[in-house]
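> Please find one structure pasted underneath; my questions will follow.
The values are calculated or read from the model by the stated rules, or taken from the named source; none is laboratory data. Given the structure is predicted, the values throughout are model-derived calculations rather than measurements. All Cβ positions, glycine included, derive from the backbone under ideal geometry; neighbour counts span all protein chains shown.
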Amino acid sequence: MRWILKISGVFLAAVCIYSGTASAQQFVTFGTAGVTGVYYPAGGAICRLVNLGRKDHGLRCLVESTGGSVQNANAIRDHTLDFAIVQSDTQAASLQGTGPFAAAGPDPELRSLFSIHAEPVHLMVRADAGIDSLQDLKGKNVNIGNLGSGTRVLAELLLEYAGLSADDLALSEELSSTEQVPALCDGKLDASFWVAGLPNASTQEAVSTCDIKMLPLSGDAVDRLLAENPAFTSAVIPGGLYQGNPEDIPTWGPKATVITSARMPDEAVYTIVSAVFDNFEDFRKLHPALENLQPEDMIKQGLTADLHPGALKYYREKGWL
């Protein structure tokens, strides 16, 4: 058996030649986020469907846990990931070279495939912390999210519109999704920002472990934020979704979107897209956050970057565009 490995950018092709018969298998990496959020299982759902057909198309999809949206967009930019899930606002900022990408500048090679679930901002607060509004975060110990995450970007944005900053907090933590629940329930944090689809394991763990309430995010600050940032929309966390929170919780947030680079071969992108939409009912059953998706929304909503030609080819064949 002889193995020939060829590395071009981040696209890894492994060609195995055995007994004179050649078969090619291509490996693509799919960046997600922490394992307790929705990105990781959503990415896993996509890769699972791709891998079911790998004997036919030769593509194998590998899921990677990452620091989140900003890290993923940077990895697509520098070609250390092939595909990734990012928040819709992160997609727009990377394309335009704004916000966390101001130093790097615009990424003209960024391409979109489709959007998936909505991602409401969760502000989890300890019931005994005396926090009933954003202004009550002053002087409290608050997790604003780890560097490289979309949570961090949105937490800082909301604080800005509320007239606050990290300097107004007694402690500004930078914890990941897996670290925030122990810190909340051990009393090290009074509140924690968290952006994720519904439902998500981290919030479920928090409300079932200690007395956590979800703070409603509405009012003038949120109204102004939404009016000036069209990448976001208002949202609702349904009452009863999380233990101890029986009422609907108004909030806001982005959409989760799947991105790649213009350098990714059309055939690979076509394979990813067709695996999802040719098996759409199975895809929607793979996680509760996916169950209400509709193709006509997914190929239009939350997408700032141009559709990759491989995705565009599939959508045109279906008559959707």
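> Residue pairs, Cβ under 6 Å, 6 or more apart or interchain, first in the stretch 193-205 and under 11 Å from Ala33 (Cβ atoms) and assigned by TED's automatic domain parsing to the domain that holds Pro216, second assigned to a helix (DSSP H, G or I) and not β-branched (Val, Ile, Thr). List them.
These pairs meet every condition: Val195/Gly150; Val195/Leu154; Gly197/Ala289; Ser202/Ser177.
> So is Lys255 free of Cβ contacts under 8 Å to residues at least 60 places away in the same chain and under 19 Å from the mean Cα position of the chain (by Cα) or not?
no
> Further question on the same structure: Would you confirm whether or not the stretch 253-274 contains a residue that is touching a Pro at 6+ places or on another chain (Cβ under 6 Å), buried (at least 22 other Cβ atoms within 10 Å of the Cβ) and outside any loop (DSSP other than H, G, I, E, B)?
There is at least one residue in the stretch 253-274 that is touching a Pro at 6+ places or on another chain (Cβ under 6 Å), buried (at least 22 other Cβ atoms within 10 Å of the Cβ) and outside any loop (DSSP other than H, G, I, E, B).
> For the stretch 162-179, name all the residues that are outside any helix (DSSP H, G or I) and over 19 Å from Asn74 (Cβ atoms).
Within the stretch 162-179, Ala162, Gly163, Leu164, Ser165, Leu169, Ala170, Leu171, Ser172, Glu173, Leu175 meet the criteria.
> Inside the stretch 1-72, counting only strands (runs of 3 or more DSSP E) that do not spill past its ends, which hold 1 or more residues that are modelled with pLDDT under 95 and farther than 22 Å from Thr271 by Cα?
Result: 2-8, 11-18, 21-31.
> Follow-up question, since we're still on this one. Mind listing just one residue for me: the one in the stretch 73-94 that is of a type in the set (Asp, Glu) and in a loop (DSSP other than H, G, I, E, B) and, of those, nearest to the chain's Cα centre (by Cα)?
Asp82
> With respect to the numbered conditions (1) modelled with pLDDT of 95 or more; (2) outside any helix (DSSP H, G or I); (3) within 22 Å of the chain's Cα centre (by Cα), which one is the sole condition not fulfilled by Gly302?
Exception for Gly302: condition (1).
> Just need a number here: residues in the stretch 54-87 that are in contact with a Ser or Thr (Cβ under 8 Å, 6 or more places away or on another chain) and of a type in the set (Asp, Glu).
Residues meeting the conditions: 2.
> Being under 15 Å from the mean Cα position of the chain (by Cα) and crowded, with 19+ Cβ neighbours inside 10 Å is the filter here, so list the residues in the stretch 194-221 that pass it.
Once the filter is applied, which keeps residues that are under 15 Å from the mean Cα position of the chain (by Cα) and crowded, with 19+ Cβ neighbours inside 10 Å, the stretch 194-221 yields Trp194, Val195, Ala196, Gly197, Leu198, Asn200, Ser202.
> Please work out which one of (1) surrounded by fewer than 16 Cβ atoms within 10 Å (Cβ to Cβ); (2) over 20 Å from Lys255 (Cα atoms); (3) at pLDDT below 95 is the condition Gly163 fails and give its number.
Failing condition for Gly163: (3).
> For residues that are in contact with a Ser or Thr (Cβ under 8 Å, 6 or more places away or on another chain), surrounded by fewer than 19 Cβ atoms within 10 Å (Cβ to Cβ) and over 17 Å from Ala92 (Cβ atoms), tally how many sit in the stretch 293-321.
Total meeting the criteria: 1.
> Next question. Give the residues of the stretch 40-74 that are closer than 22 Å to Trp194 by Cβ and small (Gly, Ala, Ser), sorted by residue number.
The answer is Ala42, Gly43, Gly44, Ala45, Ser65, Gly67, Gly68, Ser69, Ala73.
> Given the condition aromatic (Phe, Trp, Tyr) and modelled with pLDDT of 95 or more, answer yes or no: does some residue in the stretch 89-104 qualify?
Among the residues of the stretch 89-104, at least one is aromatic (Phe, Trp, Tyr) and modelled with pLDDT of 95 or more, which makes the answer yes.
> Go through (1) of a type in the set (A, V, I, L, M); (2) in a helix (DSSP H, G or I); (3) in contact with an Asp or Glu (Cβ under 9 Å, 6 or more places away or on another chain); (4) in contact (Cβ under 8 Å) with a residue 60 or more places away in the chain one by one and return the number of the condition Leu159 breaks.
(4)
> Could you tell me whether any residue of the stretch 251-272 is more than 30 Å from Thr29 (Cα to Cα) and of a type in the set (Asp, Glu)?
Looking through the stretch 251-272, none of the residues is more than 30 Å from Thr29 (Cα to Cα) and of a type in the set (Asp, Glu).
> In the stretch 180-192, how many are in contact (Cβ under 8 Å) with a residue 12 or more places away in the chain, surrounded by fewer than 19 Cβ atoms within 10 Å (Cβ to Cβ) and not hydrophobic (A, V, I, L, M, F, W, C)?
Number satisfying all stated conditions: 2.
> Output the number of residues of the stretch 95-139 satisfying the condition of being closer than 27 Å to Tyr315 by Cβ and under 14 Å from the mean Cα position of the chain (by Cα).
Residues that pass the stated criteria total 8.
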